[in-house]
Each structure stands twice: as C-alpha cells, then as structure tokens.
Amino acid sequence: MMQEIDFSPAFEKIERVAKVDGVEVELLVERGEKFSASFQEGKPEKFDSSQSHCAGFRVIANGYEGYSFSENLSDEALLDAYKQALTNAKFTAKADDPSRRVELATGLGSVP
C-alpha cells in the first residue's frame with residue numbers, strides 16, 4: 001500500500017510564488033501501484049511489485065500554457081518543476097500565436 005503524501009504545504013508555497021509571478025498554476029499528481037505473481041505447479045515462480053508517482057504542473061502566463069513534470073516529489077524538486085513550467089509558458093508566448101492562448105475558467109477555487 002502506498003503511503004499518502006500531503007502536497008498542500010509545498011503547493012501553497014508554489015501558489016504564493018505563482019501569485020508574485022502573476023500566473024495561474026495547477027498541480028496534477030499521479031500515483032500507481034503494480035503487483036503481479038506467477039505460479040508453476042503450485043509454487044511461486046515470479047513476483048513483481050512496484051510503485052510509481054509523478055507530479056505535473058500547468059502554468060498559465062498571459063494566456064499561454066507551460067507544462068513540467070517531476071518524479072522527485074521533494075519540495076525543492078516541485079519548485080524546480082514549477083519554474084520549468086513557467087519558463088515553458090513564457091517560451092510558448094514568444095511564438096505570439098493567438099491560437100495557442102487559453103481562456104481561464106472563472107469561479108474556480110484552489111484545491112484545499
């Protein structure tokens with residue numbers, strides 16, 4: 001069973017940084033667990049158990065999106081991933097292609 005990770009403190013810090021940067025930020029966390037076993041003639045032959053996790057950021061800067069992902073879930077790595085997503089959004093904006101702009105939904109709050 002995977003241990004629960006509370007991302008709230010780290011994400012709240014990143015939200016504050018994003019506010020100073022004047023951008024919107026979203027965090028997506030994906031976790032997975034895999035277990036398999038095979039038996040031959042009633043005896044265990046093969047056993048495999050693995051866990052995976054990944055955090056991704058979407059940053060919207062002036063209507064342009066930037067994404068970044070990290071398998072390292074430390075506070076520092078999450079902040080680095082946010083900064084990379086911000087850089088990617090700014091890079092997308094340099095193309096100055098209005099078809100790449102996104103509209104922000106209104107009335108949405110932050111995740112508790």
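The values are calculated or read from the model by the stated rules, or taken from the named source; none is laboratory data. What you see is a predicted model; the values in this text were computed from it and never measured. A quick note on method: Cβ atoms are made from the backbone with ideal geometry, for glycine too, and the neighbour counts reach across all protein chains shown. With ligands, DNA and RNA removed, areas are computed over all heavy atoms of the protein, side chains included. Shrake-Rupley method; radii C 1.70, N 1.55, O 1.52, S 1.80 Å.
Taking 0.36 nm per residue of sequence separation and subtracting the Cα-Cα distance, how much length would be gained by fully extending the chain between LEU73 and GLU41, in nm to one decimal?
Using 0.36 nm per residue and subtracting the Cα-Cα distance, I get 7.3 nm.
What lysines sit close enough to LYS19 to cross-link, taking a C-alpha to C-alpha distance under 18 Å and skipping anything fewer than 8 places away on the same chain?
Counting by Cα, and skipping residues close in sequence, LYS19 has these lysines nearby: LYS83, LYS90.
Which value, in debye to the nearest 20, gives the size of the charge dipole of region 3-85 about its Cα centre, when Lys and Arg are +1 and Asp and Glu are -1 at the Cβ?
Dipole magnitude for region 3-85 comes out near 80 debye.
Within region 1-90, list the chymotrypsin sites (Phe, Trp or Tyr not before Pro) lying in a DSSP loop whose Cβ has at most 10 other Cβ atoms in a 10 Å radius.
Filter output for region 1-90: empty list.
Kindly report the accessible area of region 1-53 per residue (heavy atoms of protein chains, probe 1.4 Å, no ligands, DNA or RNA), in Å².
85
If you take the square roots of the eigenvalues of the alpha-carbon gyration tensor of region 1-86 and sort them as a ≥ b ≥ c, do you get rounded (a/c under 1.5), prolate (a/b over b/c) or oblate?
Because a/c hits 1.5 or more and a/b exceeds b/c, region 1-86 counts as prolate.
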